[in-house]
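The values are calculated or read from the model by the stated rules, or taken from the named source; none is laboratory data. The structure displayed is predicted, hence computed values, not measured ones. As a convention, Cβ positions derive from the backbone with ideal geometry for all residues, glycine included, and neighbour counts pool all protein chains shown. Calculation scope for accessible area: heavy atoms of the full protein, side chains included, ligands and nucleic acids excluded. Shrake-Rupley method; radii C 1.70, N 1.55, O 1.52, S 1.80 Å.
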Amino acid sequence: MALLNDEIREQLSGFFKGMKEDVTLAVFTKKEACETCKEAESFMQEIETLSDKIHLEAYDFDTHQDKAKEFGVTLTPSIVLLDGEKKHQGVKFNGIPGGHEVNSFIKGIMEVSGALDSLPESQQERLKKITKPVNIKVFVTLGCPHCPGAVEKAHKLALENPNIDAEMIEAQTFGEVSNKFNVSSVPKVVINDEFEFVGNQPLDTFLEEIEKTQ
Amino acid sequence: MELNLDITEGPKVHLKKEVLYDTLVIGGGPAGLNTALYAKRKGLNVGVITERLGGQVMDTSTVENYLGYESMTGEGLVNKFIGHVQNLQVPILKEVRVEKLDKDGDIHQVHLKNGEVYQSRTLVLATGSKPRKLGIPGEKEFSGKGVAYCAICDGPFFEGLDVVIAGGGNTAVESAIDLAKIAARVDLVHRSQFRADQVLIDQLKNYDNIHIHLDTQMQEIMGEAMVNGIKVLDRNTGEESIMNTNGIFVEIGYLPNSDAFKEYVQINDRREIIVDAFGRTNVDGVFAAGDITTIPYKQIITSAGDGAKVALAVNDYLNTHARIEAPQKVVAK
Ligand SMILES: Cc1cc2nc3c(=O)[nH]c(=O)nc-3n(C[C@H](O)[C@H](O)[C@H](O)COP(=O)(O)OP(=O)(O)OC[C@H]3O[C@@H](n4cnc5c(N)ncnc54)[C@H](O)[C@@H]3O)c2cc1C
């Protein structure tokens, strides 16, 4: 059954016309013990049909351990957005980006394709000084209207600096990880598993927390 | 699977630092968006600067009191507002925070937290409000650890658990109903009597897991790693007791977002910007609209209506005041 109706398909294909380079959706699923893997894969198959510039690569997590490792995938389903040269830019979605989160997913595809909004100079300067590896986890629920904003900011930072890796984690699908980080309000942002804050805070707050890890 | 798509297309127009605007609207909720709509249609050069486009309406699950729409998701309604304004090619700068206002001669300057500065002949302040906090011990400590301010966002974490809702207005009652479908038990606690609409209060009866405690004051939030209880005072009997709970949703009203402006315009002790019937503040050329103002009652339709009125007042102001020309240093590039 199609997940996208005609109206949404049309809106999205129009929007994807603005893509610059090609983008590959690397989708990691498991055959067993993964309730949402099938749905995630068919959702991505539908997204692929919306633009010639979007490609899908489906990986079985268990048989493609090497690929999973290369992209830092530990959960399933997981979707990694690869750029025109099929390189990992630090943009990852763990769990289905449905509900409100479809917005950060679409934005992610556009940005990985190179259709970027630029950051103010002052923030670019701060980003240049981030030289040690940073991982940003953004926990979300699909009914949360201000979660996509936080996910977009994290991914934006990852795209601007190769040392930063950012991932959305859909908290209900990955209850164990959410419990580990005591998630009870979203969006919750956790940096290098150590520094955290709640809410769709301004980009400067992300930078302040990231700077603590350097 | 449900998708709440919210991409706003249309030709993108950008806000420019070198332009002297007729009016800059700060805040992208219903008040700010309707100000922009009316100002643009009056032929003014207008721009919008906002943190979260859509404002509080984005956090509302359903709206049932906006004329013409019997029932609509908050997001669906506000996306219509945004689309309408964007189709008129009004530049909207979003996800930025205004930190300070000041003046260079007759020109108002808007300073953003990221260091950028924009200039305008007039300003409309429409930054709305944010959830009010309880201000009791434990609230800050357990914020995000069981203390929550957005029921539609954080409700799913309390599936099968017990929650307390603080408040007696529409938002609190709506949250109680939403959460009753997820949580095992919902305790609705309010320090006085209900302020909510009777149609909503009547719905509470349909849920036998909702328990109502009026005239009950919350005193302290308790817990270890996460919230595990709340200390309350029954104001009729004077008795203190502890309610065990896994989460507390605070829905006790809203506080105006006027911090960035308090040194520029006059505000009252409730932190509302003081305005007259035309939305004028005490500073010449600076107006305010919506939840942020002293105008009573804070609703989507009243804020939107206020925005329309203020845009017209701005237009009159610009028509009757000698046109300020951009100084040389602004136009020179
Ligand atoms: C959960 C909930 C349910 C509600 N339900 C209803 C309902 O059913 N019906 C109804 O009529 N009303 C409802 N309301 C009230 C209604 O949403 C508000 O009255 C209305 O949104 C106020 O509009 P506004 O434009 O004045 O402010 P807001 O909607 O608060 O918008 C203010 C804007 O300013 C931005 N901003 C704030 N500070 C800054 C800054 N320093 N710099 C830049 N931008 C800034 C914000 O990000 C936001 O975009 C509800 C509110 C909530 C929270």
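Residue-wise test of (1) within 17 Å of A:Asn182 (Cα to Cα); (2) out of contact with any Pro (no Cβ under 7 Å at 6 or more places or on another chain); (3) acidic (Asp, Glu); (4) surrounded by 20 or more Cβ atoms within 10 Å (Cβ to Cβ).
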position	(1), (2), (3), (4)
B:Phe142	yes, yes, no, yes
B:Leu161	yes, yes, no, no
B:Gly169	no, yes, no, no
B:Leu179	no, yes, no, yes
B:Gln217	no, yes, no, no
B:Met222	yes, yes, no, no
B:Val232	no, yes, no, yes
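If you go through segment B:161-168 one residue at a time, do you hit one that is more than 24 Å from the chain's Cα centre (by Cα) and within 11 Å of another protein chain (Cβ to nearest Cβ)? I'd like the intermediate steps shown before the answer.
First, pick out the residues of segment B:161-168 that are more than 24 Å from the chain's Cα centre (by Cα): B:161-163.
Still in the list and also within 11 Å of another protein chain (Cβ to nearest Cβ): B:161, B:163.
The answer is yes, given that some residue of segment B:161-168 is more than 24 Å from the chain's Cα centre (by Cα) and within 11 Å of another protein chain (Cβ to nearest Cβ).
Name every residue in segment B:10-28 that is touching a residue at least 12 places away in the same chain (Cβ under 8 Å) and within 13 Å of chain A (Cβ to nearest Cβ), in order of residue number. Step through it out loud before you land on a result.
Of segment B:10-28, the ones touching a residue at least 12 places away in the same chain (Cβ under 8 Å) are B:10-11, B:13-28.
Of everything in segment B:10-28, those that are touching a residue at least 12 places away in the same chain (Cβ under 8 Å) and within 13 Å of chain A (Cβ to nearest Cβ) turn out to be B:Gly10, B:Pro11, B:His14, B:Leu15, B:Lys17, B:Gly28.
If we only count helices (runs of 4 or more DSSP H) wholly inside segment A:101-208, which ones have 1 or more residues that are open to solvent by 50 Å² or more (accessible area, probe 1.4 Å) and more than 13 Å from chain B (Cβ to nearest Cβ)? Working first, answer last.
Values: elements: A:102-112, A:121-128, A:147-160, A:175-180.
Correct list: A:121-128, A:147-160, A:175-180.
Okay, residues lined up against (1) part of a helix (DSSP H, G or I); (2) at pLDDT below 95:
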site: B:Ala31; (1), (2): yes, no
site: B:Ala36; (1), (2): yes, no
site: B:Gly43; (1), (2): no, no
site: B:Val48; (1), (2): no, no
site: B:Arg52; (1), (2): no, yes
site: B:Val57; (1), (2): yes, yes
site: B:Gly76; (1), (2): yes, yes
site: B:Asn79; (1), (2): yes, yes
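Here are the criteria: (1) within 9 Å of the ligand (Cβ to nearest atom); (2) touching a residue at least 60 places away in the same chain (Cβ under 8 Å). Tell me which single one B:Leu44 does not satisfy.
If we test B:Leu44 against (1) within 9 Å of the ligand (Cβ to nearest atom); (2) touching a residue at least 60 places away in the same chain (Cβ under 8 Å), just (1) comes out false.
Mind listing just one residue for me: the one in segment B:23-59 that is more than 16 Å from the chain's Cα centre (by Cα) and open to solvent by 10 Å² or more (accessible area, probe 1.4 Å) and, of those, nearest to B:Glu116 (Cα to Cα)?
B:Asn45
Would you pick out the residues in segment B:198-209 that are open to solvent by less than 70 Å² (accessible area, probe 1.4 Å) and closer than 12 Å to B:Glu174 by Cα? Before the answer, list the steps.
Keep residues of segment B:198-209 that are open to solvent by less than 70 Å² (accessible area, probe 1.4 Å), which gives B:200-202, B:204, B:207, B:209.
The answer is B:Leu200, B:Ile201, B:Asp202, B:Leu204.
Only one residue in A:Lys92, A:Lys53, A:Lys17 is surrounded by fewer than 20 Cβ atoms within 10 Å (Cβ to Cβ) and at pLDDT 95 or above, so which one is that? It would help to see each step written out before you state the result.
Details: A:Lys92 fails: surrounded by fewer than 20 Cβ atoms within 10 Å (Cβ to Cβ); A:Lys17 fails: at pLDDT 95 or above.
Within the list A:Lys92, A:Lys53, A:Lys17, the selection yields A:Lys53.
Taking B:Lys42 as the residue in question, decide whether it is among the basic types (Lys, Arg) and under 15 Å from B:Arg121 (Cβ atoms). First the steps, then the outcome.
Details: among the basic types (Lys, Arg): yes; under 15 Å from B:Arg121 (Cβ atoms): yes.
Considered against the rule, which asks whether it is among the basic types (Lys, Arg) and under 15 Å from B:Arg121 (Cβ atoms), B:Lys42 comes out as yes.
I need the full set of residues from segment B:111-157 which are facing another protein chain (nearest Cβ under 8 Å) and touching a Leu at 6+ places or on another chain (Cβ under 8 Å), in order please.
If the condition is that a residue be facing another protein chain (nearest Cβ under 8 Å) and touching a Leu at 6+ places or on another chain (Cβ under 8 Å), then B:Asn114, B:Gly155 are the ones that fit.
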